[in-house]
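No value in this document is a laboratory result; all are computed from the given coordinates. Owing to the predicted nature of the structure, the values given are computational and were not obtained by experimental measurement. Reconstructed Cβ throughout: ideal geometry from the backbone, glycine too, with neighbour counts over all protein chains shown.
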Amino acid sequence: MTDTAHRPVTEGRRATDETPAQHDPKESLRPPGSRGRTTIADSVAEKIVGVATREVPGIHNLGSGVARTIGGVRERVPGAQPSVTRGVHVEVGERQAAVDVDVVIDYGFPIVDVAADVRTNVISAMERMTGLEVVEVNIAVDDIDLPEDEEERDDRLE
């Protein structure tokens, strides 16, 4: 049987959970954010951007033609999850990030307004969630979704 009784700290011996930093007044004054390093993967930032972009009214889909086609096939597989990061590319540095997004906009929405709303939403979400400064959000409008496009697709699926 092991001895689990706690013994008092005596001179010349230190409790196992104490560290020298606990005794250094300069260390205890440093803010917690400066006591270590946090790295954010590009894929994490891409998910944030993908969700923030999809929240904007007028965004029909993300991705270029080929990416949307492959993604559409993949999403038809039972149990498959839609890709949040399709059409999104983010380069993350130590303090900054640059974003590229390929979008399809619903017909009738002003492209300039939708792009501005995407930029605002992406910058807000990225800076709030990651603390990184977003230096640019490049938006490529690859297509416009027409109402009859959906009717034609529905007819082909039947």
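How much length is gained on full extension from SER124 to TYR107, taking 0.36 nm per residue of separation minus their Cα-Cα distance? Walk me through the numbers before you get to the answer.
On the way: separation 17, 0.36 × 17 = 6.12 nm, distance 2.56 nm.
Full-extension gain reported as 3.6 nm.
Estimate the FRET efficiency between GLU55 and GLU148 by the formula 1/(1 + (r/R0)^6), using the beta-carbon distance for r and 30 Å for R0, to the nearest 0.05.
Working: r = 26 Å, r/R0 = 0.87.
Computed FRET efficiency for GLU55 and GLU148 comes out at 0.70.
Short version: ³J(HN,Hα) in whole Hz for each residue of the range 118-124, in order, from phi by Karplus 6.51 cos²θ - 1.76 cosθ + 1.60 (θ = phi - 60°), x for Gly and Pro, what are they?
So the J values, rounded to whole Hz, are 4, 4, 4, 5, 5, 4, 4.
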